[in-house]
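Here's the structure, in structure tokens; my notes come after.
The values are calculated or read from the model by the stated rules, or taken from the named source; none is laboratory data. Not measured: the values here are computed from a predicted model. Quick reminder, even Gly has a Cβ in these numbers, built from the backbone with ideal geometry, and neighbours come from all protein chains shown.
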Amino acid sequence: MGTRTVLQHPDITRALTRIAHEILEANHGASDLVLLGIPTRGAVLAERLDRVLADIDPEWGPAGGSRVGTLDVTMHRDDLGRGIGRAPHRTTIPAGGIDGTVVVLVDDVLYSGRTVRAALDALQGIGRPRAVRLAVLVDRGHRELPIRADHVGKNLPTASDERVTLRLTETDGTDAVVIEQSEPHGDGGAA
Amino acid sequence: MTTAHLIRGAQLVDGTRADIRLEARRITAVGSGLDTAGATVVDADGLIALPGLVDLHTHLREPGFEESETVLTGSRAAAAGGFTAVNAMANSSPVADTAGVVEQVQALGDDAGYVTVRPIGAVSQGLQGTHLSEIGAMATSRAKVRVFSDDGSCVADPLLMRRALEYIKGFGGVLAQHAQEPRLTIGAQMNEGRLSSELGLAGWPAVAEEAIIARDVLLADHVGARLHVCHVSTAGSVEVIRWAKSRGIDVTAEVTPHHLVLTEDLIAGRDGAPGYDARYKVNPPLRSREDVDALRAALADGTIDIVATDHAPHTAEAKCCEWPAAANGMVGLESALSVVQAAVVESGQLGWADVARVLSEAPARIGQVEGHGQRIAEGAPAEVTLYDPSAVREFSVADLAGQSQNSPYLGMRLPGRVVATFHHGYPTVLAGELVDAGTIAEHARATRIGASA
Amino acid sequence: MKHLLSTADLSRAEAIHILDVAEEMAEVNSREVRKLPALRGKTVVNLFFEDSTRTRISFEAAAKRLSADVLNFAAKGSSVSKGESLKDTVQTLGAMGIDGIVMRHGASGAPRVLADADWIDVPVVNAGDGTHEHPTQALLDAFTMRRRLHGDASRGRALDGVRVLIVGDVLHSRVARSNAWLLRTLGASVTFAAPPTLLPATSAPFGAAVHHDLDVALAEDPDVVMTLRIQQERMNDAFFPNPREYTRHWGLTASRFARLDERTLIMHPGPMNRGLEIAGVAADDPRSTVVEQVENGVSVRMAVLYLALTGDQQKETVA
């Protein structure tokens, strides 16, 4: 029953700073960028990214403004018929909408890719972005769909019977990325 | 040919242990160490011997509703429950309001041979409650009807009720009233109270029964006639009857086994039980705990004279549907003794001598059923029921002997079981099993020939 | 099986959960593309034995917005009018392959009988049974109150301390029953105002206080006044003498409406008898929620269908 911590608060902070710079670099600036975090922890990460971007680029504007929102994907999952009864989270789209923007989806762990597929599906009902990019804190491999991240905080090769969890101060009291032994491909960290 | 039977070592209701010899249609001896020569011995160690039970209120459904029950299948259900005589209510199709129908029902019962079937005649033509039926014709027919009832419906018109009481008196009969003021129970589905308003079902208020009984006892007193009240179901009705008896009014009353033990709470379906289960739908409806307690006390103190089953068979289609569409009624012949034991004997309110009184002697007297309801003694008719009070069974469809299965007791643990029933001296139930219809029909034929010889 | 048969069965947490999910559904209904794929490939049957265009269309819209296929069964002119039993009707539908039943029936308890029987094994949502319950109506009423009182901060909140006055034919109203149970569960207090003939003959029916005088009840300054529809046929069964007397004593007339506080909500489950139980001026006032109740109905029914058809199939109620 091994549990090991592979990232701690300073690592996470550094990774987010790097991702923020990468986002600006890939976009040649801040214009048309919108961050949409996937609840729950992706949304928290998106808020942190928003604050970092507000710090490093004046064109971004103040943190907590109209550049950041949340995108709930529950209704678009491909496993809804399994009888687990998931409660949907809040979706808040910035006031200007997403038509013509560059949407950067933000999530905590990229795993099978199904969550991101659901997110792309959810975006279809909201508007038509110019481009969609993906930023994740951890990529743990084992993709089941042809999905890849544009910005990755850390690549973590894992076994399928391991469970990767992101803990954040805002939701769990501490910052850490933790790997535990678990049953193969449950729900843990499936992204 | 009926052989003699010797019941050995039975417990009589006075507590003594005795042998009972049955020969032809009579009890020829009661005592200890009786001679077994020429008789089939029936070991009755541990069993109680009761006089054959008499039901004053049964629905045999024939003619007209044979998909629910026939006189034959209903007679078998009665014998399985320890009954040797039943009074068959008149709400058949055609209604039993002429000599022809009552004679037909009696003949069917005699041919079947399991029990004595005493047809009840309708008070009003077609049960419509407007004109008297041919009461005289029915009373003087071969069926010699003495009990008259519109049961299923109430004789609501006060003028007709008065006339009927007077007219029936002239033929030495009794009017058995189904007390339900129709204007207060339009569309009624269950007992009116807190539960009925929660479940959204139209209520059947207790006062609709009590007001009719109050009126009827005063009418009976005024015209000097006998009145019998069917299936009393409320504490208030008990109070009215108690008052009437204290004034010397000639009124008798019955209670069903289900009103001694079941309450309306079953309809709500709590703790995973199905809700709105139409097995519990009956008229008069199941009521409250207070009503059940009052009815038990009334049976114990004699305010209520007898237990009558109101055996009401229905097809599965009539019960397996939404509540308002379901028919009213429960089968009750096979379970009656067990339910009475559970309700009032185990609590100590009634002893076995009282059981003999309320389930055999008094019903026979009220219904003038000759040849039944007499104490087990030398010279009495050979109508005997052997009952094992120590048995325990989970009541199931296998315990039902009639054609329908609408019993509220399925799945319940009930005490006791009927081990043997003797009618006209021959067994209709032996070793807990019904004797086959062919054999019984033979016995019945032989008995008729013997009786007319 | 996950059924929604009555509000009496819902715990406080379950009720708040349904209302919160309805908030997310309402958000979808405000977008340009009002569609979610959550029930794609599932078939929902509207099994309506009683006429009701509004409720049926509301459920139909809700199911379609979740991408479900909808079959509409109306009793009139169907096999039921030829005497087919409920059991046979349901088994025939089941044989065609369905995933959920929304049922409205004239007999109290019919959805419960269906849910408890072994005729079919799908979630059942009660759209109104006799005079027993109409749970989605109560849920959309509670949703409406919550929205009006707390706006965007509604999520996770109940209706603690809210005082609701329900006026009218409580005895025959499944809406009154479902609302009474749900409002109490959510912490609100309920009072009924009606003549004694239109109230259950028990004390504190459904846990509510009772007034026979509407003006006394209004003087208690309720937060919500909900008027129930009066059926004029009731006067033939001596429940009240005539509509004029009913309106005079228990109608929300223009003069009573004028005395209401400016924050008092006015609600009606519809359809309204303008001028009988509710004055037109009251129904059309901004304090009246009658129109948004309809809109909220679709969101609430989307939440109920979503939770019933995708939820834990072992549990008794929607949660």
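Conditions tested, residue by residue: (1) part of a helix (DSSP H, G or I); (2) closer than 30 Å to C:Thr131 by Cβ; (3) within 14 Å of another protein chain (Cβ to nearest Cβ).
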{"position": "B:Pro324", "(1), (2), (3)": "yes, yes, yes"}
{"position": "B:Ala356", "(1), (2), (3)": "yes, no, no"}
{"position": "B:His372", "(1), (2), (3)": "no, no, no"}
{"position": "B:Arg375", "(1), (2), (3)": "no, no, no"}
Out of (1) of a type outside the set (Phe, Trp, Tyr); (2) within 16 Å of the chain's Cα centre (by Cα); (3) at pLDDT below 95, the one B:Gln341 does not meet is (3)
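A quick yes/no check of all residues on (1) more than 8 Å from chain C (Cβ to nearest Cβ); (2) under 23 Å from C:Leu39 (Cα atoms); (3) at pLDDT 95 or above:
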{"residue": "A:His76", "(1), (2), (3)": "no, yes, no"}
{"residue": "A:Gly83", "(1), (2), (3)": "no, yes, no"}
{"residue": "A:Pro94", "(1), (2), (3)": "yes, no, no"}
{"residue": "A:Arg114", "(1), (2), (3)": "yes, yes, yes"}
{"residue": "A:Asp121", "(1), (2), (3)": "no, yes, no"}
{"residue": "A:Ile126", "(1), (2), (3)": "no, yes, no"}
{"residue": "A:Arg130", "(1), (2), (3)": "yes, no, yes"}
Among (1) over 22 Å from B:Thr116 (Cβ atoms); (2) in contact with an Asp or Glu (Cβ under 7 Å, 6 or more places away or on another chain), B:Asp45 falls short only on (2)
Of the conditions (1) farther than 20 Å from A:Arg143 by Cβ; (2) in contact (Cβ under 8 Å) with a residue 40 or more places away in the chain; (3) surrounded by fewer than 23 Cβ atoms within 10 Å (Cβ to Cβ), the single one that A:Ser112 does not satisfy is (1)
Taking segment B:52-76 and keeping only residues that are under 15 Å from the mean Cα position of the chain (by Cα) and touching a residue at least 60 places away in the same chain (Cβ under 8 Å), one is left with B:Gly52, B:Leu53, B:Val54, B:Asp55, B:Leu56, B:His57, B:Thr58, B:His59, B:Arg61, B:Gly74, B:Arg76
Looking across segment C:10-36 at residues that are surrounded by fewer than 19 Cβ atoms within 10 Å (Cβ to Cβ) and not in a helix (DSSP H, G or I), the single one that is farthest from the other protein chains (Cβ to nearest Cβ) is C:Ser11
B:Gly203 fails exactly one of (1) free of Cβ contacts under 8 Å to residues at least 40 places away in the same chain; (2) within 24 Å of the chain's Cα centre (by Cα); (3) within 14 Å of chain C (Cβ to nearest Cβ), namely (2)
Checking C:Pro200, C:Pro196 in turn, the sole residue that is of a type outside the set (Lys, Arg) and either touching a Pro at 6+ places or on another chain (Cβ under 6 Å) or away from every other protein chain (no Cβ under 11 Å) (or both) turns out to be C:Pro196
Those residues of segment A:37-53 that are buried (at least 24 other Cβ atoms within 10 Å of the Cβ) and not in a helix (DSSP H, G or I) come to a total of 2
Fill in: Selection status of B:Val340, in contact with a helix residue (DSSP H, G or I) (Cβ under 6 Å, 6 or more places away or on another chain) and more than 14 Å from chain C (Cβ to nearest Cβ)
no
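Residues are listed down the side, and each one gets a yes or a no for (1) closer than 26 Å to B:Gly203 by Cα; (2) not hydroxyl-bearing (Ser, Thr, Tyr):
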{"residue": "C:Gly161", "(1), (2)": "no, yes"}
{"residue": "C:Thr191", "(1), (2)": "yes, no"}
{"residue": "C:Pro195", "(1), (2)": "yes, yes"}
{"residue": "C:Thr202", "(1), (2)": "yes, no"}
Filter segment C:295-314 for residues that are out of contact with any Ser or Thr (no Cβ under 7 Å at 6 or more places or on another chain) and either more than 14 Å from chain A (Cβ to nearest Cβ) or more than 12 Å from C:Leu66 (Cα to Cα) (or both); the one that is surrounded by the most Cβ atoms within 10 Å (Cβ to Cβ) is C:Ala308
Per the filter on segment A:150-171, residues without any contact (Cβ under 8 Å) to a residue 60 or more places away in the chain and basic (Lys, Arg) are A:Arg163, A:Arg167
Within segment A:16-72, residues at positive phi and of a type in the set (Val, Ile, Thr) come out as none
Within segment C:169-222, residues more than 19 Å from the chain's Cα centre (by Cα) and closer than 19 Å to C:Ala158 by Cα come out as C:Pro222
Those helices (runs of 4 or more DSSP H) completely within segment C:55-150 that have 2 or more residues that are more than 12 Å from every other protein chain (Cβ to nearest Cβ) and either in contact (Cβ under 8 Å) with a residue 40 or more places away in the chain or surrounded by fewer than 23 Cβ atoms within 10 Å (Cβ to Cβ) (or both) are C:86-95, C:135-150
| Hey, any hits in segment A:64-72 for a residue that's of a type in the set (Ser, Thr, Tyr), within 14 Å of chain C (Cβ to nearest Cβ) and either surrounded by 16 or more Cβ atoms within 10 Å (Cβ to Cβ) or touching a residue at least 60 places away in the same chain (Cβ under 8 Å) (or both)? | yes
Subset of segment B:282-312, residues in contact (Cβ under 8 Å) with a residue 60 or more places away in the chain and either over 18 Å from B:Pro408 (Cβ atoms) or small (Gly, Ala, Ser) (or both), comes to B:Ser288, B:Ala294, B:Ala298, B:Thr303, B:Ile304, B:Asp305, B:Ile306, B:Ala308, B:Ala312
Restricted to segment B:250-306 and to residues being assigned to a loop (DSSP other than H, G, I, E, B) and of a type in the set (D, E, K, R), the residue nearest to the other protein chains (Cβ to nearest Cβ) is B:Asp277
Over segment A:54-83, the set of residues more than 19 Å from A:Ala122 (Cβ to Cβ), among the aliphatic types (A, V, I, L, M) and part of a loop (DSSP other than H, G, I, E, B) is A:Ala63
Within segment B:209-221, of all residues that are over 23 Å from the mean Cα position of the chain (by Cα) and free of Cβ contacts under 8 Å to residues at least 40 places away in the same chain, the one farthest from the other protein chains (Cβ to nearest Cβ) is B:Asp221
When every residue in segment A:73-84 that is in contact with a Ser or Thr (Cβ under 9 Å, 6 or more places away or on another chain) and over 22 Å from A:Val44 (Cα atoms) is compared, the one surrounded by the most Cβ atoms within 10 Å (Cβ to Cβ) is A:Leu80
Only one of (1) within 23 Å of C:Arg155 (Cα to Cα); (2) of a type outside the set (S, T, N, Q); (3) in the same structural domain as C:Asp129 (by TED's automatic domain parsing) does not apply to C:Leu4, and that is (3)
Note on segment B:388-405: residues charged (D, E, K, R) and within 18 Å of the chain's Cα centre (by Cα) are B:Asp399
Can we say C:Asp51 is surrounded by fewer than 24 Cβ atoms within 10 Å (Cβ to Cβ) and either over 17 Å from the mean Cα position of the chain (by Cα) or within 14 Å of another protein chain (Cβ to nearest Cβ) (or both)?
no
